[in-house]
Structure formats: structure tokens, C-alpha cells
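The values are calculated or read from the model by the stated rules, or taken from the named source; none is laboratory data. Bear in mind that the values here come from a model prediction, so they are computed numbers and not experimental data. Methodologically, a virtual Cβ is constructed for each residue, glycine included, from the backbone with ideal geometry; neighbour enumeration extends over all protein chains shown. The protein model used for the area step is the full one, side chains on, heavy atoms only, and it has no ligands, DNA or RNA in it. Shrake-Rupley method; radii C 1.70, N 1.55, O 1.52, S 1.80 Å.
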Amino acid sequence: MKRKTLAAAFATLLFTTGAAVASEAPKLPAQSWSFSGTFGTFGRPDLQRGFQVYKQICSSCHAAHLLAYRNLTDIGFTPQQVTDFAADFEVEDGPNDEGEMFTRKAVAADRFVKPFPNEAAARAANNGAYPPDLSLMTKARVGGPDYVYALLTGYKEEPPAGFALMEGMHYNEYFPGHQVAMAPPLSEGGVDYADGTTATVEQMAKDVVTFLSWAAEPEMEVRKRLGVKVMIFLVALTALLFALKRKIWSDVH
Amino acid sequence: MDAKTWKNPIIAWVDKRLPIFTMMQHDLVDYPTPRNLNYWWNFGSLAGIVLVIMIATGVVLAMHYTPHTQHAFESVERIMRDVNYGWLLRYLHMNGASMFFIVVYIHMFRGLYYGSYKAPRELLWQIGVIILLAMMATAFMGYVLPWGQMSYWGAKVITNLFSAIPLVGDAIVTWLWGGFAVDNPTLNRFFALHYLLPFLLFALVFLHLVALHTSKSNNPLGIDVKGPQDTIPFTPYYTVKDMFGLGAFLIFYLAFVFFAPNFFGEPDNYIKANPMQTPPHIVPEWYFLPFYAILRAITFDILFIPAKLLGVIAMFAAVLVLLFLPWLDRSAVRSARFRPIYKQVFWLFVADCILLGVVGGHPPEGVWVPLGQAATAFYFAFFLVIMPLLSFIERPRPLPSSISAAVTGKGVGISAHGVAE
């Protein structure tokens with residue numbers, strides 16, 4: 001009885017500390033993600049559509065500097081496709097034998113090229129706001145994928161009566177403080193999906209969040225697959241050890 | 001130590017010159033252990049195993065990590081993405097820290113419940129408290145290494161505490177930082193110390209074991225071993241029991257590693273440290289929350305001592321008071337099983353520690369302030385008032401005549417609970 005109480009109290013402690021930070025924002029609607037849970041995986045078509053949204057919309061302002069073009073083979077693109085994606089970008093390299101810096105086409109081994117050379121340039125182009133790097137976005141916000149989805153779909157054309165919206169800002173239900181510098185990034189038909197899927201705002205938000213979740217945790221599928229094997233092994237081993245313990249202790253009890 | 005004759009000539013040759021095999025036989029096999037230890041006694045060996053896991057994963061992580069403010073965050077992400085099984089190493093290490101504290105806190109509460117700190121085990125307990133302090137320092141500095149927002153701001157808040165020391169406070173903080181802000185020199189020295197301290201911990205654990213094997217294990221009845229009938233050899237009995245416990249523990253630990261690796265973490269630490277932007281709530285890792293609550297509970301000056309300094313003193317005192325426990329508790333009876341009042345107060349104390357943890361996770365405003373103050377007052381009252389007082393007013397229940405008598409049910413004055421295990 002007391003052990004149960006202790007365990008419950010302990011669980012409460014762990015749970016409340018995690019939740020403590022989340023208290024101020026409105027409650028995020030929970031989405032059902034294909035990648036949540038013990039056996040969850042990313043759908044390859046979802047990831048590729050999400051990449052298309054990222055590439056055509058997000059990446060004009062947001063960097064994802066922890067990703068390399070070569071990583072895209074993990075979401076089902078062929079090496080040739082990856083080379084082609086990379087070739088659209090230029091990177092500075094060098095110095096060459098003459099000591100000069102030069103630009104060349106990006107290759108698969110390069111990291112995603114940033115839209116702005118530095119933070120000041122990014123702020124100058126975005127009314128003083130700095131579009132954050134998206135590589136770890138779903139891990140770096142309370143609520144994770146649900147938060148990013150809520151943010152992308154949470155814009156309101158008109159702020160509630162009495163809300164003083166600053167010049168150049170946009171009202172968003174889920175952004176802390178409700179004023180976000182980013183204009184609603186997704187609009188009906190914002191991309192022309194290669195696989196023919198209808199590009200609704202919800203569809204694009206779902207796809208790009210799936211892509212960003214993969215970008216933040218590219219190891220997730222391998223991790224969960226290995227985890228299941230390890231758990232099966234450990235449960236069997238522990239059961240055997242328990243039987244062994246009973247056998248060895250039978251002459252003591 | 002009896003000179004055992006070893007059949008293998010090489011072992012015999014070595015053992016005659018350096019008796020490591022005799023020592024192993026003595027301390028890992030023959031070590032006479034009370035026959036009635038329950039599963040709460042598993043946590044000591046678990047803590048040792050977690051320490052080994054932390055050192056093993058930590059050494060490999062250090063091979064791939066770059067302790068520089070410009071590279072630390074990216075180098076951790078490189079470990080996560082490009083190093084073979086780097087994500088596994090890092091998640092084992094990251095969650096291992098939480099596991100270490102879970103295991104050690106349970107180990108300490110067990111000691112508190114069964115009176116394991118009382119004579120002749122005072123030094124054993126005190127070495128344990130020093131181990132806890134070393135663990136806390138190691139964990140704090142380790143959390144700074146990924147150079148995320150919480151790493152940076154946590155380091156800033158905690159090192160700033162030393163500025164509360166009168167006269168020399170600011171100079172000490174500058175000395176700790178290696179400059180005038182938390183910056184590259186700070187990160188460098190934290191990395192060096194984070195690598196050093198676990199080896200000191202290892203040495204302390206060795207001393208802890210020497211002290212244990214000198215005064216021998218306590219047991220759930222808290223009475224002394226009277227003779228060979230009360231003990232069983234460590235191997236095979238407790239070796240196999242510890243192995244089973246390890247299996248169960250690994251299931252718990254690895255479930256987090258594989259399926260919820262960031263459960264104990266703060267999302268903010270996946271944002272690279274930015275000295276220009278303070279996170280809305282700076283919270284330490286969960287295992288520091290009770291102490292953080294005590295730190296913030298003191299919101300008032302006493303005479304000429306400012307609140308901040310008092311808070312810092314209270315926080316350190318919350319750990320250091322444990323060093324005096326063997327003399328604060330004067331009761332001759334060790335186990336709470338035979339101490340009807342202490343047994344109740346003990347659980348109140350456990351609840352109080354958990355409450356302090358919850359308070360520590362909330363911003364210090366509204367109801368959380370008086371709640372934290374009340375919980376802090378009870379924390380110290382438990383050690384400084386209740387413990388000494390109980391020694392005089394409590395009437396312990398009669399103790400069984402021996403461990404073997406209690407286990408076989410032939411003893412006198414045993415509670416039903418005592419026999420159950």
C-alpha cells in the first residue's frame with residue numbers, strides 16, 4: 001500500500017515538473033501523429049510532401065542548419081534527386097590555390113544552405129524579427145508537434161475585440177502573447193503537391209510538421225525498433241533471473 | 001582474511017603476491033549478509049552500476065564532444081545525428097543522470113527508514129552524503145555542457161548564488177566563471193570537472209563499500225547479526241537477487257531511453273544558448289527541484305542577513321544536515337518498524353520532499369510561496385526538532401530476539417509485518 005503511494009507520489013512529482021512550464025498557453029488540441037507511440041513511424045509520402053512545403057514555403061525565411069542534403073535519402077529520395085535538390089543552392093568554399101574564396105554548387109554532403117548569411121541579415125529582411133532555425137523545432141517547444149501544428153493553423157484574421165495588435169504583427173491563438181511576426185505561412189493551394197494530394201492548410205501543416213519531426217529526431221524509427229527488441233530481450237532475461245532467484249533462495253525461505 | 005588455496009596455479013601465484021582473488025572471494029562471495037534484506041536493499045548495487053554506465057557512456061561521448069561555446073551545441077547534435085549509435089549513447093547518459101538520482105534517493109530514504117545511519121554506520125552514511133554532494137556537482141556541470149538555453153541560464157543562476165557571500169561573493173563568482181560572464185572559460189572548466197568528479201565519486205564509492213563491509217549491512221529489523229544463523233553468503237543469494245533487480249531496473253531505464261528520451265528534459269535546452277534572451281521560467285533538472293524550492297523559500301531578511309544569502313545557506317544546509325543525522329536521532333532502535341511514531345513522520349517527510357519538488361517546479365508566486373516556506377520549515381523541523389524529540393517521547397515496540405528467530409517465526413514480539421519479508 002505504502003509502496004504504491006510512494007510510486008504514485010513520485011509519478012506526480014515527475015509529471016508536474018514537466019507540465020509546470022506549459023501552464024500559461026491555451027491548451028493545444030492533440031493531433032494523432034503516425035509517429036507517436038511505441039511503434040510509430042513516419043509515412044514516407046507524408047515526409048516528402050512535408051519536405052516540399054518546407055522547401056517551397058518555410059525555407060525562404062527559416063534555416064534548418066543541422067540537416068544535410070544527404071539526409072534526404074532517409075525519407076525516400078534517390079541519390080540523384082538529392083543531388084538535384086542540392087544543386088539549386090550555392091555555397092562559399094575555398095580558399096583555392098590562389099587563396100581566393102569561391103562559390104560552387106552545393107553537393108549532397110553540404111548542410112542545408114541558410115536563407116540569410118547571418119542573424120542581422122535575417123532581421124533586416126523580416127521587420128526586425130528573427131525566423132528561428134527549424135532543425136529542432138518540434139523538440140524545442142512545449143507540446144512539440146502539436147504546438148507547431150497549432151501555431152501553423154492558429155491564425156485569426158481579426159484579433160478579439162480589445163486586443164491591441166502591434167503594427168506588422170499577426171494574431172495567433174497559440175503563440176505565447178498571441179502576437180507573432182510571421183505572417184500566416186500556409187494558404188489554400190500554397191504548394192502544388194507532386195503526388196496530387198489537395199493542398200489544404202491542414203494537410204500542409206500536418207505534412208510539414210511530420211517533416212520537421214523527422215528533422216528533429218531522424219533516429220526515431222531506428223530507436224523505437226531497437227527499443228522493442230531490447231525490451232523483449234530484457235523481459236525474457238528478467239523473468240529467467242526471477243526464476244533463478246526463486247530456485248536459489250528456495251532453501252532460505 | 002583466510003589464505004584460501006587456489007587450484008589454478010596462476011591465480012595462486014598472483015594471489016600470494018597480491019591477494020585480489022582472496023579479497024574478491026571475501027567481499028563478493030563469502031560476505032556474510034543478513035538473510036532478511038528486502039528489495040529496498042537492491043538500490044545500493046544499482047547505484048554502483050548506474051555510475052559505471054555513466055562513466056562508460058560519458059567517456060565515449062567526450063570523444064565526440066567539443067567544449068566550446070561556438071561548437072558545443074552543434075557537436076551534441078552531431079553525436080545525435082552522425083555518430084554511430086551516438087543518439088543511444090547520449091540518451092543513455094542523459095536519462096542515466098535521472099536514473100542515478102532516482103536510485104540514490106530511494107537508497108537514502110531506505111537508510112532513513114531503517115536507521116542505517118546509526119552506530120556503527122555513521123561514517124558509512126556520511127560518506128554517502130559526500131557522494132550525493134559530488135553527484136549533484138557532477139550533474140549540474142554535465143547539464144551545462146550541451147550549451148542549450150537551460151544549460152546556460154541554469155549555470156548563470158546557480159553560479160550567481162555565490163555572489164550572496166558577504167564581501168568576497170562577487171570575486172568568487174568571477175573566479176568561478178573565469179571571466180565576467182558565463183562564457184567559454186566557464187564551459188571549459190565545467191567540462192574538465194565533469195570528467196574528473198566521477199572518478200572521485202568512484203573512489204568515494206570504494207570507501208563507502210569498505211565502510212559497509214567493516215560494519216556489515218543493516219537489515220529491515222535493524223537489529224544486529226547475532227551469529228552465522230542470521231546470515232547467508234552474498235553469492236549466490238544476493239548476487240542473483242541483485243541481478244534480478246538490475247533486469248527490472250533496466251526495463252524501467254531503457255523504456256525512457258528508447259520511447260521517451262526527453263521525458264525528464266526541458267524543451268528549452270534544444271535551443272542554443274543565447275545570453276541576450278532569458279527563458280520565461282528557468283528551472284533546474286527535476287532532481288534539484290526540492291533544493292531549488294528551499295533556496296527560494298527564504299523571501300525575508302533576518303536581522304542584517306539578506307534573504308538571498310539565507311536562501312543559499314538554507315539550500316546547502318538541507319544537504320549538510322544529513323551529516324549530523326546519526327547524532328540528531330538518539331533513539332536506540334534503528335528500524336522504523338518498531339518505532340510507531342517515527343514511521344508516520346517518515347512518510348510525512350517523504351511527502352514533504354515531493355511537495356518541495358512540486359513547489360520548485362513552479363514560479364515563486366501566489367500560493368507557491370507560503371507552501372514552499374511551510375514545506376521548508378517541516379523539512380528542517382524533521383531533522384532538528386522531531387528527530388531529537390522522538391528519541392525521548394517515543395516508546396519503541398519490543399524487538400525480536402534475532403534475525404533468524406524473526407524469519408522463522410519463533411521470535412518474541414515480532415510484528416506480522418516483520419515476518420512477511
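Quick check on my filter: what residues within segment B:16-38 are free of Cβ contacts under 8 Å to residues at least 24 places away in the same chain and open to solvent by less than 40 Å² (accessible area, probe 1.4 Å)?
Restricting attention to segment B:16-38, the residues satisfying the condition of being free of Cβ contacts under 8 Å to residues at least 24 places away in the same chain are B:16-25.
The one that is free of Cβ contacts under 8 Å to residues at least 24 places away in the same chain and open to solvent by less than 40 Å² (accessible area, probe 1.4 Å): B:T22.
Checking B:A406 against (1) open to solvent by less than 10 Å² (accessible area, probe 1.4 Å); (2) farther than 27 Å from B:T299 by Cβ; (3) modelled with pLDDT of 95 or more, which single condition isn't satisfied?
(3)
Return yes or no: is A:L186 of a type in the set (A, V, I, L, M), part of a loop (DSSP other than H, G, I, E, B), in contact (Cβ under 8 Å) with a residue 40 or more places away in the chain and more than 13 Å from every other protein chain (Cβ to nearest Cβ)?
Details: of a type in the set (A, V, I, L, M): yes; part of a loop (DSSP other than H, G, I, E, B): yes; in contact (Cβ under 8 Å) with a residue 40 or more places away in the chain: yes; more than 13 Å from every other protein chain (Cβ to nearest Cβ): yes.
Criteria met by A:L186.
Here is a list of conditions, (1) touching a residue at least 40 places away in the same chain (Cβ under 8 Å); (2) facing chain A (nearest Cβ under 10 Å); (3) over 20 Å from the mean Cα position of the chain (by Cα), and B:K226 meets all of them except one; can you say which number that is?
B:K226 satisfies all of (1) touching a residue at least 40 places away in the same chain (Cβ under 8 Å); (2) facing chain A (nearest Cβ under 10 Å); (3) over 20 Å from the mean Cα position of the chain (by Cα) except (2).
Within segment A:60-79, is there a residue that is modelled with pLDDT of 95 or more, in a loop (DSSP other than H, G, I, E, B) and of a type in the set (D, E, K, R)?
Scanning segment A:60-79 turns up no residue that is modelled with pLDDT of 95 or more, in a loop (DSSP other than H, G, I, E, B) and of a type in the set (D, E, K, R).
Considering only residues of segment B:250-262 that are more than 7 Å from every other protein chain (Cβ to nearest Cβ), of a type outside the set (G, A, S) and open to solvent by 20 Å² or more (accessible area, probe 1.4 Å), which is nearest to A:K224 (Cα to Cα)?
Selected residue: B:F256.
Please work out which one of (1) of a type outside the set (A, V, I, L, M, F, W, C); (2) free of Cβ contacts under 8 Å to residues at least 40 places away in the same chain; (3) open to solvent by 50 Å² or more (accessible area, probe 1.4 Å) is the condition A:Y155 fails and give its number.
(3)
Can you tell me which residues in segment A:179-202 are farther than 13 Å from A:F51 by Cβ and in contact with a Lys or Arg (Cβ under 8 Å, 6 or more places away or on another chain)?
A:T197
Restricting to segment A:116-127, what's the tally of residues that are at positive phi and within 14 Å of chain B (Cβ to nearest Cβ)? Before you say what the answer is, go through the steps one by one.
First, pick out the residues of segment A:116-127 that are at positive phi: A:127.
Applying the additional criterion that residues be within 14 Å of chain B (Cβ to nearest Cβ) yields none.
Matching residues across segment A:116-127 total 0.
Applying the selection to segment B:262-285, what residues are touching a Leu at 6+ places or on another chain (Cβ under 8 Å) and at pLDDT below 95? Talk me through it step by step, then tell me what you get.
Just the residues of segment B:262-285 that are touching a Leu at 6+ places or on another chain (Cβ under 8 Å), to begin with: B:263-264, B:270-271, B:283.
The one that is touching a Leu at 6+ places or on another chain (Cβ under 8 Å) and at pLDDT below 95: B:V283.
With of a type in the set (V, I, T), over 13 Å from B:L201 (Cβ atoms) and touching a Ser or Thr at 6+ places or on another chain (Cβ under 7 Å) as the only criterion, which of B:V157, B:V60, B:V144 stands out? Even if it seems obvious, please write down each step before you answer.
Details: B:V157 fails: touching a Ser or Thr at 6+ places or on another chain (Cβ under 7 Å); B:V60 fails: touching a Ser or Thr at 6+ places or on another chain (Cβ under 7 Å).
The match here is B:V144.
Of all residues in segment A:128-182, which are among the small types (G, A, S) and at negative phi? First the steps, then the outcome.
Of segment A:128-182, the ones among the small types (G, A, S) are A:128-129, A:135, A:140, A:143-144, A:150, A:154, A:161-162, A:164, A:168, A:177, A:181.
Across segment A:128-182, the qualifying residues are A:A129, A:S135, A:A140, A:A150, A:G154, A:A161, A:A164, A:A181.
Select from segment B:267-313 the residues that are free of Cβ contacts under 8 Å to residues at least 24 places away in the same chain and in a helix (DSSP H, G or I) and list them in ascending order.
B:P267, B:A307, B:L310, B:I313
Could you say which residue among B:W41, B:W6, B:W13 is open to solvent by 70 Å² or more (accessible area, probe 1.4 Å) and not basic (K, R)?
Numbers: B:W41 fails: open to solvent by 70 Å² or more (accessible area, probe 1.4 Å); B:W6 fails: open to solvent by 70 Å² or more (accessible area, probe 1.4 Å).
The conditions single out B:W13.
Among the residues of segment A:205-230, which ones are free of Cβ contacts under 8 Å to residues at least 60 places away in the same chain and in a helix (DSSP H, G or I)? Explain how you work it out, then say what you get.
Start the filter on segment A:205-230 by keeping residues that are free of Cβ contacts under 8 Å to residues at least 60 places away in the same chain, which leaves A:205, A:219, A:222-223, A:225-226, A:229-230.
Correct list: A:A205, A:V222, A:R223, A:R225, A:L226, A:K229, A:V230.
Looking only at segment B:229-245, which residues are under 20 Å from the mean Cα position of the chain (by Cα) and either charged (D, E, K, R) or at the interface with chain A (Cβ under 8 Å from one of its Cβ atoms) (or both)? Steps first, please.
Of all residues in segment B:229-245, those under 20 Å from the mean Cα position of the chain (by Cα) come to B:242, B:245.
If the condition is that a residue be under 20 Å from the mean Cα position of the chain (by Cα) and either charged (D, E, K, R) or at the interface with chain A (Cβ under 8 Å from one of its Cβ atoms) (or both), then B:D242 is the only one that fits.
Confirm whether A:V113 is within 30 Å of B:N274 (Cα to Cα), part of a loop (DSSP other than H, G, I, E, B) and away from every other protein chain (no Cβ under 14 Å).
On the way: within 30 Å of B:N274 (Cα to Cα): yes; part of a loop (DSSP other than H, G, I, E, B): yes; away from every other protein chain (no Cβ under 14 Å): yes.
It is true that A:V113 is within 30 Å of B:N274 (Cα to Cα), part of a loop (DSSP other than H, G, I, E, B) and away from every other protein chain (no Cβ under 14 Å).
Of everything in segment A:97-127, what is under 22 Å from A:A86 (Cα atoms), open to solvent by less than 90 Å² (accessible area, probe 1.4 Å) and of a type in the set (A, V, I, L, M)? Give them in sequence order.
The answer is A:A106, A:V107, A:A108, A:A109, A:V113, A:A122.
Would it be correct to say that B:S163 is surrounded by 19 or more Cβ atoms within 10 Å (Cβ to Cβ) and among the small types (G, A, S)? Walk me through how you get there before you give the answer.
Details: surrounded by 19 or more Cβ atoms within 10 Å (Cβ to Cβ): no; among the small types (G, A, S): yes.
No; evaluated as a whole, the condition is false for this residue.
Would you point out the residue of segment A:129-175, among those that are charged (D, E, K, R) and more than 14 Å from chain B (Cβ to nearest Cβ), that is nearest to A:W214 (Cα to Cα)? Give the steps one after another, and end with the answer.
The first filter runs over segment A:129-175 and keeps only residues charged (D, E, K, R), leaving A:133, A:139, A:141, A:146, A:156-158, A:167, A:173.
Next, from what is left, pick out any that are more than 14 Å from chain B (Cβ to nearest Cβ): A:156-158, A:167, A:173.
Details: A:K156: 28, A:E157: 31, A:E158: 33, A:E167: 35, A:E173: 25 Å.
Looking at residues that are charged (D, E, K, R) and more than 14 Å from chain B (Cβ to nearest Cβ), I get A:E173.
Check every one of the helices (runs of 4 or more DSSP H) wholly within segment B:315-406 and list those with 2 or more residues that are within 14 Å of chain A (Cβ to nearest Cβ), over 27 Å from B:P34 (Cβ atoms) and in contact with a Leu (Cβ under 8 Å, 6 or more places away or on another chain).
Numbers: elements: B:325-328, B:340-360, B:368-381, B:387-393.
Once the helices (runs of 4 or more DSSP H) in segment B:315-406 are filtered for at least 2 residues that are within 14 Å of chain A (Cβ to nearest Cβ), over 27 Å from B:P34 (Cβ atoms) and in contact with a Leu (Cβ under 8 Å, 6 or more places away or on another chain), what remains is B:340-360, B:368-381.
Would you confirm whether any residue within segment B:299-321 is of a type in the set (D, E) and open to solvent by less than 50 Å² (accessible area, probe 1.4 Å)? Outline the logic, then answer.
The first filter runs over segment B:299-321 and keeps only residues of a type in the set (D, E), leaving B:301.
Cutting the leftovers down to open to solvent by less than 50 Å² (accessible area, probe 1.4 Å) gives us none.
Looking for residues that are of a type in the set (D, E) and open to solvent by less than 50 Å² (accessible area, probe 1.4 Å), one finds none in segment B:299-321, hence no.
Starting from segment A:62-82, take each residue that is within 15 Å of B:R78 (Cβ to Cβ) and in contact (Cβ under 8 Å) with a residue 60 or more places away in the chain and list its partners that are open to solvent by 70 Å² or more (accessible area, probe 1.4 Å) and not in a helix (DSSP H, G or I), counting only C-beta distances under 7 angstrom and pairs at least six apart or across chains.
As it stands, the answer is A:H65/A:R111; A:H65/A:K114; A:L67/A:R111, since those pairs meet every condition given.
Can you confirm whether segment B:115-125 contains a residue that is within 13 Å of chain A (Cβ to nearest Cβ) and aliphatic (A, V, I, L, M)?
Initial filter on segment B:115-125 (within 13 Å of chain A (Cβ to nearest Cβ)): none.
No, because not a single residue in segment B:115-125 is within 13 Å of chain A (Cβ to nearest Cβ) and aliphatic (A, V, I, L, M).
For the structure I just gave you, tell me whether B:L212 is open to solvent by 30 Å² or more (accessible area, probe 1.4 Å) and more than 21 Å from A:K247 (Cα to Cα).
Details: open to solvent by 30 Å² or more (accessible area, probe 1.4 Å): yes; more than 21 Å from A:K247 (Cα to Cα): yes.
For B:L212, the condition - open to solvent by 30 Å² or more (accessible area, probe 1.4 Å) and more than 21 Å from A:K247 (Cα to Cα) - is met.
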